[in-house]
Amino acid sequence: DPRDNIFIECEAKGNPTPTFSWTRNGKFFNVAKDPRVTMRHWSGTLVVDFRSGGRPEDYEGEYQCFSRNDYGTAISNKIFLHVSKSPLWPKENLDIQEVHEGASLILACNPPPGLPPPAIFWMSSSMEPIHQDKRVSQGQNGDLYFSNVMQQDALTDYSCNARFAFTHTIQQKNPYTLKVLTTRGIAERQPSFMYPLGSSSSQMVLRGEDLLLECIASGVPTPDIMWHKKGGDLPSGRIKLENFNKALHIANISEEDSGEYFCLASNKVGISRHSILVKVKASPYWLDEPENLILAPGEDGRLLCRANGNPKPSIQWLVNGELLESSAPNPSREVNGDTVMFRDIQSGSSGVYQCNASNEHGYLLANAFVSVLDVVPRILAPRNQLIKVIQNNRTLLDCPFFGSPIPTLRWFKNGQGSTLHGGNYKAHENGTLEIIRARKEDQGTYTCVATNLLGKAQNQVRLEIKDPTRIIEGPKDAIPKKGSTIHLVCQTRHDPTLRLTVTWLKDDIPVYFGNRMKKEEDGLTIHGVSEKDQGYYTCVASTELDKDTARAHLTVLGKETYILHIVLLIARPERPRDLELTDLAERSVRLTWIPGDDNNSPITDYIVEFEEDKFQPGTWHNHSRYPGNVNSAILRLAPYVNYQFRVIAVNDVGSSYPSLPSERYHTNGARPEFNPSGVKGSGTAKNNMVISWTPLNATQVYGPNLKYIVKWRRRDTRESWNNRTVRGDVSQYTVAPTPIYTPYEIKVQALNDYGIAMEPDIVIGYSGEDLPSTPRYFRIRQPNLETVTLEWEHPEHPNGILIGYTLRYQAFNGSKTGRTMVEVFSSNETKFLLQRTDPISRYKFNLRGRTQIGEGEPATGESPIPLNEAYTRNQGDIATQGWFIGLMCAIALLVLILLIVCFIKRSRGGKYPVRANKDVPLDPDDQKVDNGSFDYSDEDNKPLQGSQTSLDGTIKQQESDDSLVDYGEGGEGQFNEDGSFIGQYTVKKDKEETEGNESSEATSPVNAIYSLA
């Protein structure tokens, strides 16, 4: 806030006390020369005071703090100082927004840039909030989106407001005014995306940040938005749908969240889809942060600086704030990437080393102090401590130490004997001696001795073992009558050197002692019992080291509760107590307990539960179950578990409350005996394979620093195993890039600080699937007019598990098409028989293979043209076609007209000149023939008899005596201009006379017409 003073903090500690200095924009910042700037005493914190004037903008820039003493220089991260700004909105005149009812609309906000960016909200000019719903809503960019405009939207105006948090100001834009043009009926529209535009987009997000995806669509009716992730589910537990499902918010993004997301906008008209490719990058994050290193002259050591990120960060080393390359040479120092090695280090090599891991998205900076010292061992704990512990409890004797070279530390008991380690004792590297189970014989004086080349130091600790506090007889459930006296027993046993305190609680509240309630040496007495005395009474016996409790329920019996008394005679058992661990061994322990009251229902079972404090502290797990007639059991244990036990009693009524927990027992570690279960490999994208497994549980870890070695290689190849080691709290690893749907051999092996588990079994996994290629040998046959047969074979490249085929087909006849039909087949079906609905239509086919990713490339084709069958069928049906009947009628009418014309011509009679073609004498009957002319008689005008027209248009003669053609010599007759027939004739013979000679027959009119041609 520009109205406040500026504080830039920088704190450091060291011996000698460090001094501080600053750089601004990479140059030394002289604090003493600026009267407004001061540095706090014994601190590096800068204070810029504006009470006497000055502009905060003058102090914007990049600051870095340096802290120095005789042993080195530490530096801070870079600090960027910016002054919050709230610029005014540029003046603009906004035209009236004219829009048709039902159309989409975007009102742009375009707020002035501020630091940090302002919060945007829309109001009317009368300061009324704009109502938002799935039709009208504000986008993340501040614009106001109308999926479809309605007449009611013109009832107000719209003003964008920007609130600048740091300056506590609000800027308002000139309001928009809407004019909605009404139309007769609003046409329904399929959804289309207003933001983002197009069918696909991409978005980059950094690991650990939150991802916000947004899809806003227009349409009538208003579309609904749904979100999906291709090839998988949306991350559960980290997603939140906002802004009426138009925004998808995913918290704490990781690399596994990368991939293709898509939003579906749907209404009753249709569906639109927009795909968003999410790319997850990462600023650097630590794998191994460098730690302080203390070395003695001549020792070896190393600083390790490992970081990861996307892209992979580069590592840069500095010493005392100066690049290592430009610092003074040091022959004992060697830099190898992310490691600085020190060999035979010498005095004077102390310093503060900085590791800078950076990529394009950010950087990490860590300081590590390398100290080269010659220091005699020192014990840092108070001298001659007295420690009191309860018998059988785990005990820790502390002996913190320091020295250079690092001393070795040993423990002795009572000033004699060998070093204490192993069995009931465990010595830790930090100097602590752990007594796994304190026994009476462990009481005594313990001495820790720290030794190095320069000398030694020692300290003593006195250990006293005390008896546990126990309630040997506790209160019992009782049902006294109202007005009677009841005594609740509480007899205890404790260590006589410890002071015992006994207290009573009623329903977990301290009891007030008075005339009616009296505390006695062996219990609690209640005189004149009343209804208010009913409840749970707890006796608590405690010392400074431990305590024990026992509880009973008091039921006050009146006349009205007699039946209840009978029911309460049988109840759940009281909880077991006084748990004790004995016979401690590497993999077993004996647990003993004292049974509680069975409340008149025999105890049938005891359930032993355990809790450990490393992986699931506070969670109790079932360990074993034992018969109700035992109160001791040998428990089998796993390595490297800090056990605590409790016991539950069971009878026919139910289970008791759990007993109070036992003391803890920590087993020693060992190498793992189990490997993770449920190992599998599958792809979430076409170019990766995610190897996942079920991690080991708390009783399978067996040692500290659990890790998993993930190994993989392509199956049926001779390539070597690839491997990565991941932390024990990780349950999957992504291999990328990989070829599409390739089988891999996978192994996941557990290891800890004690060793590695046995060789795991090999599991076969597959990298990600893709769309299949075209089905092969797609054949379409039509054996007859009723069916079409389709056959195909599997795609050459399934690119995954082929789950089936989708066939789409459509009938068509010329330019007319039917609706598309869909058939779905399983992966082992490669044939389809289609029953045709009509003999004329053909079919278009589209066949695609399917994997889990979707449908692949299509194989297409059309049904063949059935030429022979179609021709035969058409011939059989042609006589029934309307066009054919009409044609035949027209031909018949034309023939009739020609016949009429021919008869009219013949009916004229007359004489026709003829040429004799044959020297045939005339019969006496032919006297009418003279001077080359011929006279027709009326007999010749008889109608033709016995003639009929065949289907091919010819006229066949039946019983005709003569023909015009028979009179000629093969020449073609012709009509002359007056319609008379000109031709050459022979003399007509009677049928009886000419039989056996050249035949004569009447000329058909149709034949005459043919002769004209």
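Before moving on, here are some points about what is shown:
- Looking only at residues of the range 333-349 that are touching a Phe, Trp or Tyr at 6+ places or on another chain (Cβ under 9 Å) and surrounded by fewer than 18 Cβ atoms within 10 Å (Cβ to Cβ), we find that the one that is farthest from Glu289 (Cα to Cα) is Ser349.
- Selected residue [within 18 Å of the chain's Cα centre (by Cα) and modelled with pLDDT under 95] from Asp288, Asp257, Asp300: Asp257
- Counting only strands (runs of 3 or more DSSP E) that sit wholly inside the range 148-196, those with at least 1 residues that are among the basic types (Lys, Arg) and open to solvent by 20 Å² or more (accessible area, probe 1.4 Å) are 157-164, 176-181, 189-195.
- Looking only at the range 490-506, and only at residues there that are part of a loop (DSSP other than H, G, I, E, B) and open to solvent by less than 70 Å² (accessible area, probe 1.4 Å), the one that is nearest to Thr549 (Cα to Cα): Cys490
- Members of the range 728-753 found to be out of contact with any Gly (no Cβ under 7 Å at 6 or more places or on another chain), in contact (Cβ under 8 Å) with a residue 40 or more places away in the chain and assigned to a strand (DSSP E or B), listed by number: Gln732, Tyr733, Thr734, Val735, Lys747, Val748, Gln749, Ala750, Leu751
- Pick from the range 670-717, criterion small (Gly, Ala, Ser), out of contact with any Asp or Glu (no Cβ under 7 Å at 6 or more places or on another chain) and in contact (Cβ under 8 Å) with a residue 40 or more places away in the chain, ranking: nearest to Gly765 (Cα to Cα): Gly681
- Within the range 433-447, residues that are in the same structural domain as Phe401 (by the TED database) and open to solvent by 10 Å² or more (accessible area, probe 1.4 Å) have Cβ atoms under 7 Å from residues that are in a loop (DSSP other than H, G, I, E, B) and of a type in the set (A, V, I, L, M, F, W, C) in these pairs: Ile436/Leu584; Arg437/Leu584, counting only partners at least 6 apart in sequence or on another chain.
- Screening the candidates Ala450, Ala427 for the property of being assigned by the TED database to the domain that holds Gln385, of a type in the set (A, V, I, L, M) and farther than 20 Å from Arg664 by Cα yields one hit, Ala450.
A quick yes/no check of all residues on (1) among the aromatic types (Phe, Trp, Tyr); (2) farther than 17 Å from Pro661 by Cβ; (3) at pLDDT below 95; (4) crowded, with 16+ Cβ neighbours inside 10 Å:
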position: Val589; (1), (2), (3), (4): no, no, yes, yes
position: Asn599; (1), (2), (3), (4): no, yes, yes, yes
position: His621; (1), (2), (3), (4): no, no, yes, no
position: Val630; (1), (2), (3), (4): no, yes, yes, no
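- Of the criteria (1) touching a residue at least 40 places away in the same chain (Cβ under 8 Å); (2) open to solvent by 30 Å² or more (accessible area, probe 1.4 Å); (3) under 30 Å from Ala154 (Cβ atoms), which one Ile79 fails: (3)
- Every residue from the range 630-675 that is among the basic types (Lys, Arg) and farther than 22 Å from Arg572 by Cα: Arg636, Arg664, Arg671
- Evaluation of Leu94 against (1) among the aliphatic types (A, V, I, L, M); (2) surrounded by fewer than 16 Cβ atoms within 10 Å (Cβ to Cβ); (3) in contact (Cβ under 8 Å) with a residue 24 or more places away in the chain; (4) not in a loop (DSSP other than H, G, I, E, B) (one fails), failing number: (4)
- Residue that is farthest from the chain's Cα centre (by Cα), among those in the range 177-224 that are of a type in the set (Gly, Ala, Ser) and more than 24 Å from Lys281 (Cα to Cα): Gly185
- Filter pass, Glu334 being out of contact with any Cys (no Cβ under 6 Å at 6 or more places or on another chain) and free of Cβ contacts under 8 Å to residues at least 40 places away in the same chain: yes
- The lone exception for Gly678 - which of (1) of a type outside the set (Lys, Arg); (2) in a strand (DSSP E or B); (3) under 21 Å from Arg572 (Cβ atoms) it fails: (3)
- Hits in the range 390-426 (condition: in contact (Cβ under 8 Å) with a residue 60 or more places away in the chain and either more than 12 Å from Tyr446 (Cβ to Cβ) or touching a His at 6+ places or on another chain (Cβ under 6 Å) (or both)): Ile390, Gln391, Asn392, Asn393, Arg394, Ser404, Pro405, Ile406, Asn424, Lys426
- Filtering the range 476-489 to residues that are more than 60 Å from the chain's Cα centre (by Cα) and either open to solvent by less than 50 Å² (accessible area, probe 1.4 Å) or aliphatic (A, V, I, L, M) (or both) leaves Ile479, Pro480, Ser484, Ile486, Leu488, Val489.
- Single residue of Asn252, Asn245 found to be at pLDDT 90 or above, over 29 Å from Val136 (Cα atoms) and surrounded by fewer than 16 Cβ atoms within 10 Å (Cβ to Cβ): Asn252
- For the range 655-668, a residue qualifies if it is in a loop (DSSP other than H, G, I, E, B) and open to solvent by 20 Å² or more (accessible area, probe 1.4 Å), and the qualifying residues are Tyr657, Pro658, Leu660, Pro661, Glu663, Arg664, Asn668.
- Residues in the range 307-325 that are open to solvent by 70 Å² or more (accessible area, probe 1.4 Å) and outside any strand (DSSP E or B): Lys312, Glu325.
- Test: residue in the range 296-304 that is open to solvent by less than 70 Å² (accessible area, probe 1.4 Å), farther than 21 Å from Glu255 by Cβ, in contact with a Phe, Trp or Tyr (Cβ under 7 Å, 6 or more places away or on another chain) and not in a loop (DSSP other than H, G, I, E, B): yes
- Selection within the range 389-401 - at pLDDT below 90 and among the aromatic types (Phe, Trp, Tyr): none
- Val511 being of a type in the set (Val, Ile, Thr) and open to solvent by less than 30 Å² (accessible area, probe 1.4 Å): yes
- Each residue in the range 592-628 was checked for being of a type in the set (D, E, K, R) and either more than 18 Å from Glu580 (Cα to Cα) or not assigned by the TED database to the domain that holds Ala638 (or both), and 5 pass.
- Of all the listed residues (Gln354, Gln346), the sole one being of a type outside the set (A, V, I, L, M, F, W, C) and not in a strand (DSSP E or B) is Gln346.
- Selection of first residues in the range 121-142 that are at pLDDT 90 or above and of second residues that are of a type in the set (Asp, Glu), restricted to Cβ pairs under 8 Å at least 6 apart or on distinct chains, gives the following pairs, ordered by first then second residue: Ser124/Asp157; Lys134/Asp224; Val136/Asp153; Gly139/Glu214; Gln140/Glu214.
- Members of the range 507-520 found to be assigned to a strand (DSSP E or B) and out of contact with any Asp or Glu (no Cβ under 9 Å at 6 or more places or on another chain), listed by number: Ile509, Pro510, Lys518, Lys519, Glu520
The values are calculated or read from the model by the stated rules, or taken from the named source; none is laboratory data. Predicted model, so just to flag it, every value in this text is computed and none were measured. Note that we place each Cβ from the backbone using ideal geometry, even for glycine, and neighbour counts take in every protein chain shown. In case anyone asks, the SASA skips ligands and DNA or RNA and just uses the protein heavy atoms, side chains included. Shrake-Rupley method; radii C 1.70, N 1.55, O 1.52, S 1.80 Å.
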